[in-house]
Every structure is written in structure tokens, then in C-alpha cells.
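Okay, so here's the structure we're looking at.
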Amino acid sequence: AFAEISHPELATPIRVASDVVDYMREGFLWRGVPFGYQLVRDGDGNPTSRMRIDNIDRTIGPALRVFRGRPTVRLEICSSADFDLGVIPREPLGPVTPIMGFRDFHLVNISVDALEITADVILQDYAQEPFPSFRATQDRTPGLFR
């Protein structure tokens, strides 16, 4: 599994591979940091999931603590048959096509402690957006009031 966490305040996205060794993919180094996740549930509510990353690196936890706003996450599951497992970092043998993935999810309820980083993974809840976001007044839309 590969996870990419991005935010406007990050110079480069955080890229991790759920393994103990690093991977080269898409021209970037994906650091080997074990992490776990639940598959996205699609029931009556919004699609949600849970993610846990081992806090073995001194950069991921502090970076996730200071964001203003929600970071986005892209998670993709790829086959190990697409990589040369005899070299470190692991390199692709050819084009890597994800078996499954989701993108543009948001990390919320981020918790960082000495052992692990946990977060809920959710989609933007458009049902909670104010509607209408502006009113059609005569000053704003004079063409409606002729």
C-alpha cells in the first residue's frame, strides 16, 4: 500500500509505503513506514475509513500536528509483482497500475503519540455546506428584478 499525504503548507507531500524498505515510484522515493488502514465503508453515511501510521519517523508526526485545515490523502494498493524485490529501494519493473485506490479524501481527528499516528479518513461532506451560500438580492443580481 502507498499513501500520499498532501497539504498546501507542505513543501513536498509525505509519501510512505507500508513496508520496512523504501520504494521508488512515480519518480519519487516512498519511505518504508508500516501503516494500516481500513477499507472505505460505503453505507448510508459518508464513506469513511481509519488510518494508523507507525510513528518511527520524527518528521511525519510533527508535520501533521501543525496544519491549519485538513490534509488530503491518496491511498493506492499495488501488487508486489510490479516491483524488483531484489534491490533497495524497490524499483518498478514497468508501469505500476494500482489494484485499488482512493484519492481526495481528508484526514481528520489526527492524533499523534510516541508510538503511532491515527486519523479518520473521510470525504468532503457536501451535505453540511450552507445552502444557499449567498442570497439573490436586487443589488447582487439586478437582472432577476426587472
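When only Cα pairs below 8 angstrom with a gap of at least 6 residues are kept, the chain shows a relative contact order of 23 percent.
Which value results for Rg/Rh of the stretch 54-124 when Rg is the Cα radius of gyration and Rh the Kirkwood radius based on the inverse mean 1/r?
Across the stretch 54-124, the Cα-based Rg/Rh ratio is 1.06.
Between LEU144, VAL20, VAL73, the Cα set farthest toward the positive side of the dipole of the chain (charges on each charged residue's Cβ, about the Cα centre) is that of LEU144. Entry comment: accessible area of the stretch 28-146 is 69 Å² per residue, from protein heavy atoms only and a probe of 1.4 Å.
If only the Cβ of Lys and Arg carry +1 and only the Cβ of Asp and Glu carry -1, the dipole of the chain around its Cα centre is close to 580 debye.
With each pseudo-label sitting 7 Å past Cα toward Cβ, what's the THR137-LEU85 distance in nm, one decimal? Taking the two extended label points, one gets 6.6 nm.
Where the alpha-carbon atoms of the chain are placed on the principal axes, they occupy 74, 37, 34 Å, in descending order.
Taking all protein chains in place and a 1.4 Å probe, what share, in percent, of the accessible surface of the stretch 1-99 do carbon and sulfur account for? About 52 percent, which is the carbon plus sulfur part of the accessible surface. Decide, for the stretch 70-110, between rounded, prolate and oblate: order the square roots of the alpha carbon gyration tensor eigenvalues as a ≥ b ≥ c, take rounded if a/c falls under 1.5, and otherwise choose prolate if a/b is larger than b/c, else oblate. Prolate, because a/c is 1.5 or more and a/b exceeds b/c. Need one number: nm distance between label points at ILE110 and LEU123, each 7 Å from Cα along Cα→Cβ, rounded to one decimal. Between ILE110 and LEU123, the simple spin-label model gives 2.3 nm. With bins 10 Å wide beginning at 0, the percent of Cα pairs of the stretch 35-77 falling in each bin runs 20, 47, 28, 5.
Let me know the shape class of the stretch 1-78, please: from the alpha-carbon gyration tensor, a ≥ b ≥ c as square roots of the eigenvalues, rounded when a/c is under 1.5, otherwise prolate if a/b is greater than b/c, or oblate. Oblate, because a/c is 1.5 or more while a/b does not exceed b/c. Between GLU26 and GLU9, the modelled labels are 2.2 nm apart [label points 7 Å from Cα along Cα→Cβ].
Dipole magnitude for the stretch 13-83: about 440 debye, using +1 per Lys or Arg Cβ and -1 per Asp or Glu Cβ, origin at the Cα centre.
The values are calculated or read from the model by the stated rules, or taken from the named source; none is laboratory data. Here the structure is a predicted model, which means the values were calculated and not measured. In this analysis, Cβ positions are derived from the backbone assuming ideal geometry, glycine residues included, and neighbour counts consider all displayed protein chains. Each accessible area value is taken on the protein alone, full model and side chains, heavy atoms only, with ligands, DNA and RNA left out. Shrake-Rupley method; radii C 1.70, N 1.55, O 1.52, S 1.80 Å.
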